[in-house]
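To keep things clear, I will list the structure first and then write my remarks on it.
Quick note: the coordinates plus some simple rules give every number you see, no bench work behind them. Everything numeric in this text was worked out from a predicted model, so none of it was measured. Ideal geometry is used to build each Cβ from the backbone, glycine not excepted, and the neighbour counts take in all protein chains shown.
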Amino acid sequence: MITDYFDIAWKNLRKRKLRSWLTIVGIVISVATIFTLISLSIGLQNAVKEQFETLGGDKFFIQPKGQLGPPQAGSLVRLTTKDVDVIDKVNGVKRTTYFTIGNAQIEFEKEKRFFSVLGIPAEGMKLYTETGSINIEEGRNLKNGDTGKIVIGNHYKTRNIFQKPVKAGDKFIINDEDFEVAGIFESIGNPEDDRNIIMVDEDFKELFNSGDRVDAVMVQVNEGADVKAVADAVEKKLRKFRNVDEKNQDFTILTPEEILAIFGTVLGIITVFLGAIAAISLLVGAIGITNTMYTSVLERTKEIGIMKAVGAKNKDILFIFLIESGLIGLVGGVIGVVFGYSISKTIELIATQSLGTNLLQAAAPLYLIAGCLAFAFLIGSVSGTWPAWRASKIKVVDAIRYE
């Protein structure tokens, strides 16, 4: 019996191809929009998770309070190298490094640009590169005694930041001082990191007159140590050293799990907000299905009367129209998923090729595809409920005499 319902509903849709396709377009647009937003959101969450997994489970970070993301020079709250010395002495801490950040004018082959410059102790470069799983693609990394030398992100070599690609051994003029490019990192996939310029902290202090300022500290714990326990111990030591308590603590300690949780919360809010916007187009599509089905009921009133006259029951008429409206939603959902995935992959390609980031990725898990299709069918069926109910209540005599 169910297969008969679907067969009749499908034949009715094929008889009214133009109207059915016009109605389906509304569902296609809404499902494609929802699929694209959720696909990119899932892909972004997965990419961020992968980025933090590369950090390993034995590291955490310390920054001035109120600062999330890349440190900004000139913050009212400051960490110093004295704080780093305190952290080094905490039980469970294996090694630390830090960096200070500044904005500088970069000149190469008489072209000038403005980019961020990081100052890192030469002995801390190994921990820095391990933390980000960064490898040298050309040249070498910085080492002790490397004054007047820098290592740079991959975009200077591959993204036409300057008219001429930069290679190891080339010269940069940074704030009117000469520096030699000792090495070039492999691409990380994050445009900001791929444009970094790193020098030893001695050069940075002279160039920016930063004194003992520190913008972020990276801490690695001993093998087998509990990262959370060591982080808590560091927090207590720093509070005592900086003469602050929990209420006025002026620094933040973040483990990879905490950072990931923060990003997850932010991404979740963004996804819900964008999903709500996409739901508006879905509402428009649902209204279109209701209108189409209502018109179909009026046009087929006599046909409904004949069906009832030969034995069709109210529930048969109801199911036929419900399935018909559900099929409109399902067909729109299938096409919408295909379009949505195509759009997501296009955005991923643009982000990779033009923006140089691999954070925007198209994800198409089975549950997302199945969910979109089921949702589209459900919306179609719900939208057709009132017209279907109205069709089932038509009286046989009135329907047969209807013109």
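Using 1/(1 + (r/R0)^6) with R0 = 35 angstrom and r between the beta carbons of LYS110 and LYS143, what's the FRET efficiency to the nearest 0.05?
Plugging the Cβ-Cβ distance into 1/(1 + (r/R0)^6) gives 0.70.
Do you know the relative contact order of region 66-249, to the nearest whole percent, from alpha carbon pairs under 8 angstrom that are 6+ apart?
On the way: 334 pairs, mean separation 56.6, N = 184.
Rounded, it is 31 percent for region 66-249.
Can you pull the one-decimal nm distance between simple spin-label points at ASN291 and ASP212, each 7 Å off the Cα toward Cβ?
7.2 nm
Skipping prolines and chain starts, which residues have an amide H placed within reach, meaning under 5 Å, of the one on VAL166, given they are 5 or more residues away or on another chain?
The list, which skips near neighbours in sequence, is LYS157.
Rank-order 223-229, 255-261, 324-330 by packing density, defined as the average count of other C-beta atoms within 10 Å over each peptide's residues, highest first.
324-330, 255-261, 223-229
What residues from region 106-140 fall in the zone where the backbone N is under 17 Å from a label point 7 Å along the Cα-to-C-beta line of ASP88?
Within reach of a label on ASP88: 120-128.
Which of the peptides 123-135, 336-348 is most tightly packed, and how do the rest follow, judged by the mean count of other Cβ atoms within 10 Å per residue?
Peptide ranking by packing, descending: 336-348, 123-135.
Quick one: work out Rg over Rh on the C-alpha atoms of region 66-249, Rh as Kirkwood radius.
Across region 66-249, the Cα-based Rg/Rh ratio is 1.00.
For GLU137, list long-range residues whose amide hydrogen, built 1.01 Å from N in the peptide plane, is under 5 Å from its own amide hydrogen.
Answer set, sorted by chain and number: ILE184, PHE185, GLU186.
With a 10 Å radius around each residue's Cβ, average the other Cβ atoms per peptide and rank 239-246, 168-175, 58-65, 214-221, highest first.
Working: 239-246: 11.6, 168-175: 16.9, 58-65: 19.0, 214-221: 22.9.
Ranked by mean Cβ neighbours within 10 Å, highest first: 214-221, 58-65, 168-175, 239-246.
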